[in-house]
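The values are calculated or read from the model by the stated rules, or taken from the named source; none is laboratory data. Predicted model, so just to flag it, every value in this text is computed and none were measured. Side chains included, ligands, DNA and RNA excluded: accessible areas come from the protein's heavy atoms. Shrake-Rupley method; radii C 1.70, N 1.55, O 1.52, S 1.80 Å.
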Amino acid sequence: MPKASAILDSALDLFESRGFGATPVPLLAEQASVATGTLYRYFPGKQGVVNARYRRWKVAMSTALLDGLERDAPPAEVFEDIWRRLCRFVIDHQAGFAFLENHHHQPYLDDESRQVALDLDTTMWALVADWQRAGAVRAGDPALLVAQVYGGLVGVVRSMRERHMPLHDDLADQTLEGAWNLLADTRRTP
């Protein structure tokens, strides 16, 4: 499906530079070097394109974070592994990460896209709950704790992008301790 891939690649560029609402379907088709009718052959309009693109990036992020993860290691080590993987994903796929963040809360995401996001969230919430039972993570709603930690990274990345500053390979090193400290049950730390 090279035409579908071309459409999705064009969507990433156009939705990033112009925004979803300011990108008309004919421009999207033109950018992908396909006829407008061809776009509709592969996708049910612009919302279909954004949902397909969103799912691809969310699955790629989930795969990057979870494949081969040693979940039975001590909580701090598992967290560090996930954090390093997440920071690597952000550095390697800056446009894709921005795409996910720009579209994550939008009403045009369909049930399938929302489910893909929920699957990753549910996995993270379960890990935090396990770490709480192990006494490594402070009490609190795992969903809120995950949102707090992830939101911190989103804020860092957004700030860097807005200032046109590069994300360096030491992003994980620079942010790991602060991220873990948002979760850690410091009452147990010697």
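Calculated accessible area for the chain comes out at 53 Å² per residue, all protein chains present (probe 1.4 Å; ligands, DNA, RNA ignored). Taking one equal scatterer on every alpha-carbon of the chain, how large is log10 of I(q)/I(0) by Debye at q = 0.17 1/Å? At q = 0.17 Å⁻¹ the computed log10 ratios are -1.11. The H on the amide N of Val137, modeled in the peptide plane, is under 5 Å from the matching H of Gln132, Asp185, each at least 5 residues off or on a different chain.
Using only the heavy atoms of the protein chains and a 1.4 Å probe, how would Tyr54, Tyr42 rank by accessible area, largest first? Let's see the in-between values first.
Details: Tyr54 0, Tyr42 85 Å².
My answer, sorted largest first, is Tyr42, Tyr54.
Against the compact-protein benchmark of 2.2 N^0.38 Å, the Cα-based radius of gyration of region 122-190 scales to 1.26.
Within the full protein context, the accessible area of Phe43 is estimated at about 20 Å² for a probe radius of 1.4 Å. When Thr38, Thr122, Thr186 are compared by accessible area at a 1.4 angstrom probe, the order from most to least is Thr186, Thr122, Thr38. Within the accessible area of the chain, the carbon and sulfur atoms contribute 52%, probe 1.4 Å, all protein chains present. Just so you know, the Cα atoms of region 42-88 work out to an Rg and Dmax of 15.0, 46 Å. Between Glu162, Glu77, Glu112, the residue with the greatest mean-square fluctuation in the GNM of the chain (Cα pairs under 10 Å linked by springs) is Glu162.
At a 1.4 Å probe radius, which order do Asp81, Asp111 fall into by accessible area, largest first? It would help to have the intermediate numbers written out before the result.
Values: Asp81 55, Asp111 130 Å².
Largest to smallest exposure gives the sequence Asp111, Asp81.
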